[in-house]
1. Using a Förster distance of 41 Å, how high is the FRET efficiency between Glu118 and Lys221, based on the Cβ-Cβ distance and rounded to 0.05?
2. When the chain is fully extended, how far beyond the present Cα-Cα distance does Asp264 get from Lys244, taking 0.36 nm per residue of separation?
3. How high is the relative contact order of the chain, given as a whole-number percent (alpha carbon pairs under 8 Å, six or more residues apart)?
4. Take the Cα atoms of the range 1-103, find their three principal axes, and give me the spread along each one in whole Å, biggest first.
5. Which is farthest toward the positive dipole end of the range 148-232 among Leu181, Ile163, Asn218, measuring Cα position about the Cα centre, with Cβ charges +1 (Lys, Arg) and -1 (Asp, Glu)?
6. Could you tell me which of His274, Leu124, Gly227 has its Cα farthest along the dipole of the range 118-295 towards the positive end, charges placed at Cβ (Lys, Arg +1; Asp, Glu -1), taken about the Cα centre?
7. Please give the charge dipole size of the range 2-102, origin at the Cα centre, charges +1 on K and R Cβ atoms and -1 on D and E Cβ atoms. Round to the nearest 20 debye.
8. By how many degrees, between 0 and 90 and to the nearest 10, does the Cα long axis of helix 20-41 differ from the longest principal axis of the chain?
Amino acid sequence: MYGYIDGFFIYLQTEKNASPHTIKSYDNDLYDGLMFFAKVMGIEDYAIHPSQITKDIFRSYLADLHGRLKSGATIARRMSSWRSFFRYLCREGVLEDNPLDRVCIPKRDRKLPHFLSEIEMKRLVEYPDRQKLLGARNQAVLETLYSTGIRVSELVHIDIGDIDLNRGTIKVTAKGNRERLVPLGSYAVEAVRHYMHQVRPLLMDGKKGCQYALFINNRGKRLSDRGVRWLVKQYVQQLQLQIKTSPHTFRHSYATHLLDNGADLRSVQELLGHARLSTTQIYTHLSKERIKRVYDQCHPRA
């Protein structure tokens, strides 16, 4: 079985251009199921042949996941990982049929994402002290997150050559190495320009750091995901914001505020870099202010 799984990972990397994070998720999902199958069959996991995993055995695995209080989203993701693996095996001629084609995927829990109001977001992005080096850098980071709606993983991988302040755009490398051009608003352009010209050279002064990374730490190295999460957490605590807030909250707030102010769903999908419109549609549930405004303007008895 190990050889088949390794072959599947190579296929994901070379033909699907999957990211290391995606490969790791598949690895966790497949080996979790493999341990269960080995226990049920009474054999070593490496000795299992894919043809031995029937739909009945897999249904037992789903029942086990439910018994371990796994969320609907986790169960659906593991089911999807195994279904993709079996689809690959059918493609390679190892199996004739995918046994999971007749097993229903449980519904995912649809949790509405947290987002900040426009007033709360304004307080947060303007809170860092620009008189301090790291404060100016942090404001540029927060303004960029809110202005673009990019993921924190995308933010920390931006290089100086990816940003065009004159045109107000950033080239972003998303999941699967897909590139997209994202607009950068005027407030973010001003904050980033100040950081690049007045602050970044001082942070790099005398250090053998990362010469091409846009956002760096006080050691001159590329700012990390963890570093961004930490600075957001510090400002949220200092402002005593009651809503659960992380770097991803900026992305949720960005999409919600765009829709509230009249943006169409397809445009927001493009800006967020979502492959499917259904992924973007969750934000329509959050746009209550826009719905109320349209109602007040259009209904004759509003």
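1. On the way: r = 34 Å, r/R0 = 0.83.
Efficiency, rounded to the nearest 0.05: 0.75.
2. On the way: separation 20, 0.36 × 20 = 7.20 nm, distance 2.67 nm.
Between Asp264 and Lys244, full extension yields 4.5 nm more.
3. On the way: 330 pairs, mean separation 47.4, N = 302.
This gives 16 percent for the chain.
4. Rounded to whole Å, the extents work out to 36, 27, 26 Å.
5. With unit charges placed on the Cβ atoms, the residue in question is Asn218.
6. Farthest towards the positive end: Gly227.
7. Details: 13 positive and 13 negative charges, 89 e Å.
That gives the range 2-102 a dipole magnitude of about 420 debye.
8. Between the helix axis and the principal axis of the chain, the angle is about 30 degrees.
Bear in mind these aren't lab numbers, they're just calculated from the coordinates by the rules spelled out. Only a predicted model underlies this, so the values are computations on that prediction, with no experimental measurement involved. Please note: Cβ atoms are built from the backbone with ideal geometry, for glycine as well, and neighbour counts cover all protein chains shown.
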